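Below: the structure, in structure tokens.
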Amino acid sequence: MIGIGARLKEARILKGLTLEDLQDSTKIQQRYLSAIENEDFQIIPGAFYVRVFIKEYAEAVDLDANEILSLYQDEYEPAVQEKQEKVIPATMQRSAVSKQSGQLKEAMPKILVALLIIMIFVIVYTLLRDKATEPEIGHESTEPGSSEIADPQEDSVEIGQSRQPVEHASTVGETSTFKLSDSENITLVIKTTGTSWISVTDQDGNERMPKPSGARVVQEGETIEIQANDAESLRIRVGNYKNAELTVNGQRVDYPTDLVPQNIVLKKP
């Protein structure tokens with residue numbers, strides 16, 4: 001049986017991608033991609049990262065990531081785990097502690113400013129409340145219910161405001177979900193300012209990028225329009241989001257995170 005390294009390498013070559021292309025789209029170092037192709041998994045730091053890198057590689061070359069991971073776990077992982085240390089080296093532990101300490105130091109001024117603002121707010125609120133409860137000298141007390149009625153226009157919600165065609169719903173890790181207000185139309189326009197790996201699939205996993213190339217590394221200056229009115233949802237996987245501008249039903253969709261790569265999921269109501 002052909003090994004997973006050979007299968008991944010063959011799929012990469014068939015798509016016309018170099019290891020450098022994969023490094024740009026997946027942000028995995030080229031030496032780790034080469035190690036996967038050579039099935040030299042021991043140089044990858046930890047079994048968790050081995051699985052993550054294999055999954056990213058498989059998705060980038062349009063192979064079934066679950067099938068590849070299952071083959072790795074059955075045929076390779078036991079031997080890899082025997083050779084790799086299960087305990088994080090002391091130097092990495094110290095590095096992690098140092099990083100956490102540095103992050104806490106950076107955040108401390110912001111925390112102090114926030115506490116100061118809260119204290120000021122509490123003091124002002126207390127003073128205004130006490131002043132409001134003091135009786136006015138020389139004036140009759142106001143009867144209950146005689147307070148001034150607020151202008152109803154101030155509390156009303158503007159009628160006739162149109163809903164946004166696309167609204168951000170949630171973000172979990174590298175995947176952000178957007179809800180569409182239109183239950184019939186999905187018009188996606190992708191404009192690139194640089195190279196980026198892009199794949200667009202519907203709820204059934206069918207690739208919606210224009211044929212014959214389908215999912216691929218899109219070059220700088222390309223504009224791709226996809227009509228997917230028959231789809232219930234679309235999943236857009238973008239390798240380098242800084243080089244790919246997305247417009248859905250005439251509205252530009254901003255990326256909620258800085259993760260690379262990341263997924264944008266569009267769902268009809």
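Values quoted throughout were computed directly from the atomic coordinates according to the rules given, and no laboratory measurement underlies them. This is a predicted model, so every value here is computed, not measured. Here the Cβ positions follow ideal geometry from the backbone for every residue, glycine too, while neighbour counts run over all protein chains shown.
Assorted remarks:
- Inverse mean reciprocal Cα-Cα distance (Kirkwood Rh) of region 166-267, Å: 13.4 Å
- Compactness of region 4-83, taken as the C-alpha radius of gyration over 2.2 N^0.38 Å, stands at 0.99.
- Applying the criteria of a DSSP loop state and at most 13 other Cβ atoms within 10 Å to the GluC sites (Glu not before Pro) of region 1-77 yields no site.
- Region 112-132 and region 208-230: distance between their alpha carbon centers, rounded to Å: 55 Å
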